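This report refers to the structure that appears directly beneath it.
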Amino acid sequence: MQHYLQITKALSDETRVRALMSLADGELCVCQIIEVLGLSPSTISKHMSILQQSGLIERRKDGRWHYYRLAGRSAPPIARQALRWTLNALDEEKLIAKDAKALCCIREQDREELTTCYNAS
């Protein structure tokens, strides 16, 4: 029951759902997620932490970069079911499509360029 409640909490926020859906086409650096959602690093970090605790996403660190991806086969069945349902249910959502279009350009940008605006502050 507790895991179910963590998943529903994670999916109860538009920003977290958008972040989750942005991972549908593969792994992203946190800087790319920040860019597509237009929020501060600390805000994105909190949202990604909630998604990770729910088991919907996984995180890895490579040097100073943090990468996120959808949970894989090792995730609990309830998390995999929630992911399938969410990805299917929002497949044609306009805001998700807009984010996906923006991500096409963001994926091509250099990570150093993406981080300059929030590293300077």
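Every number in this text was worked out from the coordinates using simple rules, so none of it is lab data. This structure is a prediction, so every number in the text was calculated from the model and none was measured. Cβ coordinates were reconstructed from backbone atoms using ideal geometry, including for glycine residues, and neighbour counts include every protein chain displayed.
For Lys61, Lys9, which order do you get if you count the other beta carbons within 10 Å of each Cβ and list the fewest first?
On the way: Lys61 9, Lys9 14.
Fewest to most other Cβ atoms nearby, the residues stand as Lys61, Lys9.
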Legend entry - For the chain, with +1 on Lys and Arg beta carbons and -1 on Asp and Glu, the positive-most of Ser12, Cys29, Pro76 along the dipole: Pro76
Inset, instruction - Rank the residues Ser42, Ser22, Ser54 as a footprinting-exposure proxy: fewest other Cβ atoms within 10 Å of their Cβ go first. - result: Ser42, Ser22, Ser54
Inset, instruction - Quantify how much of the Cα-Cα distance distribution of the chain extends past 23 Å, in percent. - result: 26 percent
Inset, instruction - Might you report the magnitude of the Cβ-based charge dipole of the stretch 2-111 about its Cα centre, with Lys and Arg at +1 and Asp and Glu at -1, to the nearest 20 debye? - result: 340 debye
